[in-house]
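Below: one structure, written as structure tokens.
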Amino acid sequence: MPWSKIKPELNEPDFDNVTGEDKRIIPYTEAIREALDQALMLDPSVFVMGQGVDDPAGMFGATLNLHKKYGRERVFDTPLAENGLTGIAVGAAIGGMRPVYFHNRPDFLLLAMDQIVNHASKWHYMFGGAVNVPLVIWACIGRGWGSAAQHSQALQGLFMHIPGLKLIMPATCYDAKGLMLSSIADNNPVIILEHRFNFRHKGFVPKEPYRIPIGKGMVRKPGKDITIIAASYMVTEAYHAALELAKDGIDAEVIDLRTLRPLDEELILTSVKKTGRVVVADTGWKTGGITAEISALIVEKGFAFLKAPVLRVASPDVPTPAGYTLEQAFYAG
Amino acid sequence: MPWSKIKPELNEPDFDNVTGEDKRIIPYTEAIREALDQALMLDPSVFVMGQGVDDPAGMFGATLNLHKKYGRERVFDTPLAENGLTGIAVGAAIGGMRPVYFHNRPDFLLLAMDQIVNHASKWHYMFGGAVNVPLVIWACIGRGWGSAAQHSQALQGLFMHIPGLKLIMPATCYDAKGLMLSSIADNNPVIILEHRFNFRHKGFVPKEPYRIPIGKGMVRKPGKDITIIAASYMVTEAYHAALELAKDGIDAEVIDLRTLRPLDEELILTSVKKTGRVVVADTGWKTGGITAEISALIVEKGFAFLKAPVLRVASPDVPTPAGYTLEQAFYAG
Amino acid sequence: MKLPRDTLLRLYYDMLRIRKVQLRIESLYHLDEMKTPIHLCIGQEAIAVGVCANLNKEDYISSNHRGHGHYLAKGGDLKGLIAELYCRETGCSRGHGGSMHLVDTSVGHIGSSSIVGGGIPIGTGLALAIDMKKQDRVSVVFFGDGAADEGVLYESVNFAILKKLPVIYIYENNQYSVCSRVSARQADEVIFHATSPEHMFTKTVDGNAILEVYEAAREAVLRARNGDGPSFIECKTYRVRGHAGAGSDAGLGYRPAEEISFWESKCPITTFREKLLQKGLISQNDIQDMERNIDIEIDEAFRFAQESPLPKGEDILQYLYE
Amino acid sequence: MKLPRDTLLRLYYDMLRIRKVQLRIESLYHLDEMKTPIHLCIGQEAIAVGVCANLNKEDYISSNHRGHGHYLAKGGDLKGLIAELYCRETGCSRGHGGSMHLVDTSVGHIGSSSIVGGGIPIGTGLALAIDMKKQDRVSVVFFGDGAADEGVLYESVNFAILKKLPVIYIYENNQYSVCSRVSARQADEVIFHATSPEHMFTKTVDGNAILEVYEAAREAVLRARNGDGPSFIECKTYRVRGHAGAGSDAGLGYRPAEEISFWESKCPITTFREKLLQKGLISQNDIQDMERNIDIEIDEAFRFAQESPLPKGEDILQYLYE
Ligand SMILES: Cc1ncc(C[n+]2csc(CCOP(=O)(O)OP(=O)(O)O)c2C)c(N)n1
Ligand SMILES: Cc1ncc(C[n+]2csc(CCOP(=O)(O)OP(=O)(O)O)c2C)c(N)n1
Ligand SMILES: [Mg+2]
Ligand SMILES: [Mg+2]
């Protein structure tokens, strides 16, 4: 896919005003790759698996050449067999390893729902805490150039519904690295859904390993008139929208959820208390998606603060169409 | 499982005051079985498949002995192989048949998510309407007697999120038959999620074949003070709750959604406009489940009517525990 | 193969113990105090015992819904099992799992899945962990003919061969999945029988003949420990009781009465006892001692379970995350 | 087997046509007007053509992401294909599918899946429908070595054998899934080769030798039509271009340059042309005529596509339900 035609390469918004001479700016891909490199270096139980992790594309670059450094014992290609390999990763995790299982697309996770939902998410609870499953599953949402119905699904709405899973959607290069390191260190099954558009960004990433707490979101832009809640690529869109609104004198607060499960309720409610107006933005389908849960939560616990209905920006309820004129109508942002 | 200890056999609530001497009261199971019998009789392209459909239990009785009447060509046992068999059912549907694929439990549908979500739900849209997939997938939610984490999942929250699927959850014997006949006649993939507790009910069911429109809910009890929105077994619970509330002088309206996708928005909003107060009740997990979508919808389109927060009654966000003391804490109703 | 007498007696004892535990559960089940679905392995004890007798405590097993035998044969705590059936806080899974979800990590039992076939890749993954950690362990996967319908078996075996993993697939072919005969679900013998021997050691044995199972498992375990890769052992057997719950299901009529009685006559325990008695390796006294010891142990386990506290509803959110 | 000259010429023509369509797509792809991922089957044309030459219009095929050849060989409308690549309203999938999701139900092409292996059970289910409706049809499933990793293949083949379905599995083993060699993913030859012949006709052929493919497919189709059940044909072949997009990927270095050039020299079209020329069955003139006719057809198809209207964004909700 000619990415240059779909999404230009850019610096991510300078959310936190970190840019400065001494700040290292690297591509999003490189941030993930560095996290993996450091995790592999620091902990011999970490390994990386998935179709193509050792190939010349190296999972959009996120795993590029790691097999050369750590050997194909620790960074290895797998058969497609997504359900079997997920179960194998679960077993390896139970056996004391820390697998990081890469998929090109969340669409392929649908083959592995049995092992993800029936097994990984339940193993700790079902046995009264006797067993842990420290497993990371990573997949990257596709978009554009006719990716079409089976290669562009943003399935966070499904995973957000499953108790026992943690669900991460990073929005910045800094977070892509820090949340990956936290996910690998976590003793529970964690799903990281990336967005292909984030891979066109560059941003500030410290060189040393660091972790970002799972379950905590953050304010990307403070504001007092309206709260825009988003995750992953939608944070960038929300930020740009906030800048637009500022021109009209509307002071929008932008919340980056970072983790969708467990959700940072406090952060959301604190903001809603201040602004009383909310828009929730997501890359997934609207009906029954993450925007539904966030809206319902706000109504349940922050009804008194609300000055207006919670609005949702999400994909229309159809499979992703292939054609570019239809894609244009399908995607928000 | 000793069902008598879990849930007594009962007549369902006399929602519509239909009971009379001339009204035929039959068990829930029998209602489904009659629908299948009539569908098989009336349309040679209908067939019934699934692990155990021809066995002595006959899928809780729903398919009992149908193979004797229609032969094992049209009512047949299958290998477990849930993903493969779902794809085979999709193929048969494309080839002009109308398969009805039975599963004991929705938990097993997780093995078939690839064929359900990546294929069945998208085939019509993805090919610009060129192909239809008239497929019915049926599964029955388990509850009680230590069914535990892998045999009691109420997964409507997942399926409600998928464009291209229709999702049905009947609450009465009448609907179990009529919605089955409509689902079989529908040219799209339809998922019917039953609840094991409904199988302990008896109710009014006309003998002749009839259909109930998919996408339409109904008011089971009119009221003006508060709206209780529910589906499947929760409608019975909601109805009982409404009778309790009546003792306190609170006049509750009970809505039976019948279809979760597409959702009957008009019915919901009309009721909310009248009452201004809403409780949504479901057998599934709370976070990201169907109660979230319904709440979000009401806020989005009926905010002005709301006098109080929309409340959600749903399962806590953990896998189903096995022990009965824990089950008691897990289940609402 | 000539086994020492104490090994033979041990095999007998372990089978008998599993059987007697099953029978006790069965006899008390109608009281409705064990509020959990049960899947008895009566008639299949030789498989769990014959395999696990070759394992060390550190070796792993992956089990399924019909898992009492696997659990006990691997050394799982009996009190923990019975307390789990009584849904107690002291159960092996703290009352969260019930009969289908047993665990005892202290003896390498990492939890059983009630999703048919679900444990197959997990057991394979344990072998991957063993391999990566260069541990002197093997991983055993128990699964039934229903599980052999599932594509995940093909995926797992392929991976195990590819990576030469120390995993042993124990295919308990009891010929039925619930009421559905294997011939209604599978084309022929499982396809792995045709795999070439360099890739995988494959063998079919009489699953009711403990020594046949023991011997095949021994070879498989040796190979796994030697780094020679996976094995696939089909144990032909039969479930003489109903699929779930207590008692016979002969009344259901889905299988011929003669078939059931034929297999009852092939009981792995009585046939082995006859052999031991014939060879003078065991006496009636020995047997009575064993029975008595086992009964005492079982009595204690049930008392322990019945007297144990129930988990509290308010703790329901515990154990969601580590 | 001796085939009539017009059949031989037809085989040649159909391969050449697919090749030339691919080459045209490839040559124009850099213009970024076909905004869809493409997976060319250059070098694999003999398989689609050799198989489909044995099929009637009513027979079904189930195809995958690398499906231009299957579509054209089965008789799919060329204009519909090109218009789909241009995302036009007149595309075979009305611009909803793109290159990976082609359909032409008028010739038995029921739609291709881009989920690897996804079409395998669907094609099997079409055979079930044929069987239930007692139609005189067969169903052909095209899939690659990546798809052979997936358990759904095992599940589908088992079912097909069990029900003796008229389905033919065409395993296009081009030795790679993206950049991953089959030996990195599979233990050995696919396990179905070991299936006993009463259950399934199984054969491995040179997938670049059109007559070998044709002959094996002929036998399989005959068997299916006779009610003798499924067949499994492995066609060894090679993808000479990159996995996706236009052009060679030799620069990536994941496969030896000699391997690529070896297979380029085994081009199914040039080798077959040599044979036909040698035997005097075709002349340079015939070939030139063919080329010219095909070029004209392709010109027209591209013109048609480029001039066709684009689907309107506001119609996005159409075709969700029937
Ligand atoms: C994936 C899946 N499908 C269906 C079931 C329902 N089910 C529970 S036990 C069982 C029988 C399995 O048979 P087998 O594997 O032979 O084990 P057995 O009961 O004979 O020991 C079935 C079908 C399930 N638990 N999981
Ligand atoms: C289930 C699934 N897993 C992974 C992918 C990503 N993917 C797309 S094409 C492809 C290669 C498949 O290889 P093969 O089946 O041999 O077909 P080929 O491309 O060689 O024709 C892969 C892995 C996918 N589409 N579906
Ligand atoms: Mg069995
Ligand atoms: Mg290939």
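The values are calculated or read from the model by the stated rules, or taken from the named source; none is laboratory data. Keep in mind that what you see is a predicted model, and the values were worked out from it rather than measured. Backbone-built Cβ (ideal geometry, glycine too); neighbour counts: all protein chains shown.
Summary of values
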read-out: Residue count for region A:75-113, restricted to those that are polar (S, T, N, Q) and away from ligand 4 (no atom under 16 Å from the Cβ); value: 2
read-out: Qualifying positions in region D:92-117 - at the interface with another protein chain (Cβ under 8 Å from one of its Cβ atoms) and aliphatic (A, V, I, L, M); value: D:Met100, D:Val103, D:Ile110, D:Ile115, D:Val116
read-out: Filter result for D:Ala129 (more than 16 Å from ligand 2 (Cβ to nearest atom), of a type in the set (Gly, Ala, Ser) and facing another protein chain (nearest Cβ under 8 Å)); value: yes
read-out: Scope region B:152-191; condition part of a loop (DSSP other than H, G, I, E, B) and either at the interface with another protein chain (Cβ under 10 Å from one of its Cβ atoms) or modelled with pLDDT under 95 (or both); matching residues; value: B:Gln153, B:Leu155, B:Met160, B:His161, B:Ile162, B:Pro163, B:Gly164, B:Leu165, B:Asp186, B:Asn187, B:Asn188, B:Pro189
read-out: Residue match in region B:70-79 (condition: without any contact (Cβ under 8 Å) to a residue 40 or more places away in the chain, surrounded by 23 or more Cβ atoms within 10 Å (Cβ to Cβ), in a strand (DSSP E or B) and more than 9 Å from chain D (Cβ to nearest Cβ)); value: yes
read-out: Counted residues, region C:1-24 - those being under 19 Å from C:Ala217 (Cβ atoms), without any contact (Cβ under 8 Å) to a residue 60 or more places away in the chain and not hydrophobic (A, V, I, L, M, F, W, C); value: 6
read-out: Candidate set: region D:160-186, residues that are of a type in the set (D, E, K, R) and either under 21 Å from D:Gly50 (Cβ atoms) or in a loop (DSSP other than H, G, I, E, B) (or both); chosen: the one farthest from ligand 3 (Cβ to nearest atom); value: D:Glu172
read-out: Extreme residue, surrounded by the fewest Cβ atoms within 10 Å (Cβ to Cβ), among residues of region C:241-261 that are within 13 Å of another protein chain (Cβ to nearest Cβ) and of a type in the set (D, E, K, R); value: C:Arg255
read-out: Qualifying positions in region A:308-331 - within 23 Å of A:Leu297 (Cα to Cα) and in a loop (DSSP other than H, G, I, E, B); value: A:Ala308, A:Pro309, A:Val310, A:Pro316, A:Asp317
read-out: Region A:281-333: number of residues that are surrounded by 24 or more Cβ atoms within 10 Å (Cβ to Cβ) and either free of Cβ contacts under 8 Å to residues at least 12 places away in the same chain or on the phi > 0 side of the Ramachandran plot (or both); value: 4
read-out: Pairs with Cβ under 8 Å, 6+ apart, first in region A:12-31 and under 16 Å from A:Arg200 (Cβ atoms), second at pLDDT below 95 and surrounded by fewer than 16 Cβ atoms within 10 Å (Cβ to Cβ); value: A:Ile25/A:Asn11; A:Ile25/A:Thr19
read-out: Selection status of C:Arg181, within 16 Å of ligand 1 (Cβ to nearest atom) and either in contact (Cβ under 8 Å) with a residue 40 or more places away in the chain or buried (at least 22 other Cβ atoms within 10 Å of the Cβ) (or both); value: yes
read-out: Every residue from region B:213-238 that is part of a loop (DSSP other than H, G, I, E, B), within 17 Å of B:Arg143 (Cβ to Cβ) and free of Cβ contacts under 8 Å to residues at least 60 places away in the same chain; value: none
read-out: Failed item in (1) among the basic types (Lys, Arg); (2) surrounded by 24 or more Cβ atoms within 10 Å (Cβ to Cβ); (3) over 25 Å from B:Val318 (Cβ atoms), with C:Lys79 passing the rest; value: (2)
read-out: Check on C:Glu89, more than 15 Å from the chain's Cα centre (by Cα), in a loop (DSSP other than H, G, I, E, B) and either modelled with pLDDT under 95 or at the interface with chain A (Cβ under 9 Å from one of its Cβ atoms) (or both); value: yes
read-out: Residue that is near ligand 2 (Cβ under 10 Å from one of its atoms), surrounded by 24 or more Cβ atoms within 10 Å (Cβ to Cβ) and facing another protein chain (nearest Cβ under 10 Å), where the choices are D:Glu172, D:Glu155, D:Glu150; value: D:Glu150
read-out: Test: residue in region C:28-36 that is buried (at least 24 other Cβ atoms within 10 Å of the Cβ) and within 16 Å of ligand 3 (Cβ to nearest atom); value: no
read-out: Region B:114-137, residues that are in contact (Cβ under 8 Å) with a residue 12 or more places away in the chain and within 7 Å of chain D (Cβ to nearest Cβ); value: B:Asp114, B:Gln115, B:His119, B:Trp123, B:His124, B:Tyr125, B:Val131, B:Asn132
read-out: Subset of region D:65-86 [closer than 16 Å to D:Phe304 by Cα and not in a helix (DSSP H, G or I)]; value: D:Gly76, D:Asp77, D:Tyr86
read-out: Filtered residues of region C:284-310 (kept if in contact with a helix residue (DSSP H, G or I) (Cβ under 8 Å, 6 or more places away or on another chain) and either closer than 30 Å to A:Gly128 by Cα or not in a helix (DSSP H, G or I) (or both)); value: C:Ile294, C:Asp295, C:Glu297, C:Ile298, C:Glu300, C:Ala301, C:Phe302, C:Phe304, C:Ala305, C:Ser308, C:Leu310
read-out: Subset of region B:263-280 that is part of a loop (DSSP other than H, G, I, E, B) and surrounded by 19 or more Cβ atoms within 10 Å (Cβ to Cβ) - its residue that is nearest to the other protein chains (Cβ to nearest Cβ); value: B:Leu263
read-out: Residue list for region C:124-151, filter: assigned to a helix (DSSP H, G or I), touching a residue at least 12 places away in the same chain (Cβ under 8 Å) and more than 14 Å from ligand 1 (Cβ to nearest atom); value: C:Thr124, C:Leu126, C:Ala127, C:Leu128, C:Ile130, C:Asp131
read-out: Close pairs from region D:245-256: first touching a residue at least 40 places away in the same chain (Cβ under 8 Å), partner aliphatic (A, V, I, L, M), Cβ under 8 Å, at least 6 apart; value: D:Gly245/A:Met1; D:Gly245/D:Ile38; D:Ala246/D:Ile25; D:Ala246/D:Ile38; D:Ala246/D:Leu40
read-out: Selected residue (criterion: farthest from ligand 4 (Cβ to nearest atom)) from residues of region D:36-57 that are in contact with a helix residue (DSSP H, G or I) (Cβ under 9 Å, 6 or more places away or on another chain) and either among the small types (Gly, Ala, Ser) or within 14 Å of another protein chain (Cβ to nearest Cβ) (or both); value: D:Ala53
read-out: Selection count where residues are under 21 Å from A:Tyr239 (Cβ atoms) and in contact with a helix residue (DSSP H, G or I) (Cβ under 6 Å, 6 or more places away or on another chain), scope region A:290-307; value: 3
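For every residue, the table says whether it meets (1) more than 14 Å from chain C (Cβ to nearest Cβ); (2) over 13 Å from B:Thr227 (Cα atoms).
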{"position": "B:Ala292", "(1), (2)": "yes, yes"}
{"position": "B:Ile298", "(1), (2)": "yes, no"}
{"position": "B:Pro316", "(1), (2)": "no, yes"}
{"position": "B:Pro321", "(1), (2)": "no, yes"}
